[in-house]
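The values are calculated or read from the model by the stated rules, or taken from the named source; none is laboratory data. Just so it is clear, the model here is predicted, and its values are computed rather than measured. Cβ placement follows ideal geometry from the backbone for every residue including glycine, while neighbour counts extend to all protein chains displayed.
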Amino acid sequence: MSDQVSYDGVSYDSVEVGAELAEVSYPASRLSLVMYCGASGDFNVIHWNERIAKSVGLPDVIAHGMFTMAQAGRYVTDWAGPKATVVEFGVRFSAPVVVPDDDVGATIIVTGKVEEKLDDNKVALALTAKSAGTKVLSRARAVVRLV
Amino acid sequence: MAINPQYVGKTFPATEPYQVSREKLREFADAIGDTNPVYRSRAAAQEAGFPDVIAPPTFAIVISVASSGKALADPGLNLNYAMVVHGEQRFEYSRPLVAGDVVTAQSTISSIRDVGSLSMMTTTTEIRTVDGEHVCTAHSTLVERGA
């Protein structure tokens, strides 16, 4: 992987309110969840133990909400570019991302729209995230300061 | 029994200083599948205008949970952790966390409310450098499902 920052991101002046951002799909496998358990310190069994997940009424192992939010964060920072900074980022977790043990896992599909241009080079994005046809994040919004 | 409403407004002691390290940021970026060089390469981060490798936006949860987790474990709060799901999460950043930062986190229970059979509790956690500079405020809403 290159250490070079090859993409400068979007400029504030080029952004138009109402513009739709391209949809991006992110994978969530059992391995992703195990890695996220270790990196985050959140070892809640519902994220890695199918037997216990099912015993508490879940369809299967589910992704950490924060893993899903992190994918929406990737979406925002990849769009905004390396020089941009995230000023605000908030989501509501509306449904779990169910991750089956089938060597494929789940897919999280993120879309975004420019909701508002604010002062100081800030832009508000409205985001959506779906998995298996279900909305997994709602009221998802990020404010980024562009260059 | 619901979450003890007398805990609204209670502030818990700040955590011990936490040092943000390049290795931890890389581990976290790997876990969320984010290959952005500004999370991995000091040169790339500096090219983008940061003093060192920065943290992905949701990394702040690792630090805030170290603080809010202590609040949740207070037996007087009467939170049934087995019945808890993450309802909402929001971050407000003054700047990104940067490798080398030494920060503490301090949590306050900002609201507790019942909605039908659910109890919802929001904690607000301030992440500041040991010199007092504000970096991030994290608002986490947990939902306790009724038994």
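A few points about this structure:
- Screening the candidates B:Ala29, B:Ala73, B:Ala66, B:Ala45 for the property of being at the interface with chain A (Cβ under 9 Å from one of its Cβ atoms), within 23 Å of A:Val45 (Cβ to Cβ) and among the hydrophobic types (A, V, I, L, M, F, W, C) yields one hit, B:Ala66.
- Tabulated pairs, the range B:48-66, first touching a residue at least 24 places away in the same chain (Cβ under 8 Å) and β-branched (Val, Ile, Thr), second in a loop (DSSP other than H, G, I, E, B) and buried (at least 24 other Cβ atoms within 10 Å of the Cβ), C-beta under 7 angstrom, 6+ apart or interchain: B:Ile54/B:Leu97
- Matching helices (runs of 4 or more DSSP H) fully within the range A:1-102 where at least 2 residues are in contact (Cβ under 8 Å) with a residue 24 or more places away in the chain: A:30-40, A:65-80
- Any chance A:Ser32 is hydroxyl-bearing (Ser, Thr, Tyr) and within 9 Å of another protein chain (Cβ to nearest Cβ): yes
- Filtering B:Ser117, B:Ser140, B:Ser111, B:Ser94 for residues that are modelled with pLDDT under 90 and on the phi < 0 side of the Ramachandran plot leaves a single hit, B:Ser117.
- Here A:Gly112, A:Gly81, A:Gly65, A:Gly105 are screened, and the one residue that is closer than 17 Å to B:His86 by Cα and surrounded by 16 or more Cβ atoms within 10 Å (Cβ to Cβ) is A:Gly65.
- Scanning the range A:59-92 for residues that are more than 10 Å from chain B (Cβ to nearest Cβ) and of a type in the set (A, V, I, L, M) yields A:Val61, A:Ala63, A:Ala80.
- The range A:103-128 - residue that is assigned to a strand (DSSP E or B) and in contact with a Ser or Thr (Cβ under 6 Å, 6 or more places away or on another chain) and, of those, nearest to A:Ala80 (Cα to Cα): A:Thr111
- Just so you know, in the range B:1-49 the residues that are among the hydrophobic types (A, V, I, L, M, F, W, C) and closer than 27 Å to B:Ile109 by Cβ include one that is surrounded by the fewest Cβ atoms within 10 Å (Cβ to Cβ), and it is B:Met1.
- Scan the range B:1-43 for residues that are more than 24 Å from B:Asp131 (Cα to Cα), of a type in the set (Asp, Glu) and assigned to a loop (DSSP other than H, G, I, E, B) and the total you get is 1.
- Applying the criterion of at least 2 residues that are within 25 Å of A:Thr68 (Cβ to Cβ) and of a type in the set (Gly, Ala, Ser) to the strands (runs of 3 or more DSSP E) found wholly in the range B:67-133 leaves B:102-115.
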